[in-house]
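Let me begin by presenting the structure, written as structure tokens, before commenting on it.
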Amino acid sequence: MARGRKRGIWRAIRILSGMIAVLVAIPLVLTPVYLLVDPVSVPMLERYVTGRPVVRQWRDIDEVSDRLKASIILSEDGQFCRHLGVDLGALRDEVDNVLAGRPARGASTITMQVARNLFLTNHPSHFRKLLEIPLAVYIDLVMPKKRIMEIYLNIAEWGPAGEFGIEAGAQRAFGREPQNLDWRTAGLLAVTLPNPLLRNPARPNSGLSRLAGIVEERARQYGERAACVGENGRLSL
């Protein structure tokens, strides 16, 4: 009886170990593949499976406004071109906030958001955040910054009805191609990203307009910090 119970425990351990190995292998294998293959995100897959619409047309990064790229980086992850997938300073501040019982402000880099959308879930938890860190470091090791940004631009959710990627976002909000954005529209699209289900760049309230103005000012002043995602390492701002 005891021997049978022991065999059952070891069988369960083997099954669990196998499941963990598969889960680890998925990003290890797919990340290099995504250097060449344009990926679909987990939120997109969830909508496909449940029969909800998905609007996404892939856009090459060089076909996207440099003003938008600079606005997103200065809004979402100002150290994107410098860090190795994780902004350690922002992460330390986040840990200090959690330990002190203060509200978390978020420390997700663009690379961490790519990791989450490709391999994890959007359900917030500290465990998910812990998983994002090694995944982001691995993605940054395998992929150049420009490819990471290209994937981000094409899997980010930009609307409440299944609009994914900058093509769908720009068309929904302004009826424009993503290479034809001025500073105003670029800033509004950038500040929509944290909550695309509620924020409408086409009809911004005063708070959203104010945020877009702040991002525009930063991007105008410090836009060259985003040069790693430009054509030949330069942005035309």
Given H placed on each backbone N at 1.01 Å, which residues far from E163 in sequence or on other chains put an amide H within less than 5 Å of it?
V55, W158
Order the peptides 41-51, 73-83 from the highest to the lowest mean number of other Cβ atoms within 10 Å of their residues.
73-83, 41-51
Between R176 and residues 5 or more places away or on another chain, which pairs have amide H atoms under 5 Å apart, with H built 1.01 Å from N, and which residues are they?
Q171
Applied in sequence order to region 69-76, the curve 6.51 cos²θ - 1.76 cosθ + 1.60 (Karplus, θ = phi - 60°) yields integer Hz couplings, x standing for Gly and Pro, of 4, 5, 5, 5, 5, 5, 8, 9
So how do 211-221, 25-35 stack up, highest first, on mean other-Cβ count within 10 Å?
211-221, 25-35
Can you list the HN-Hα couplings for region 220-232, worked out from phi with the Karplus curve (6.51, -1.76, 1.60; θ = phi - 60°), rounded to whole Hz and with x for Gly and Pro?
5, 7, 10, x, 5, 5, 9, 4, 5, 9, x, 5, 6
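Each reported figure results from applying straightforward, stated rules to the coordinates on display, with no laboratory input. Treat the numbers as computed from the prediction; the structure is a model and nothing was measured. Cβ atoms come from the backbone with ideal geometry, glycine included; neighbour counts cover every protein chain shown.
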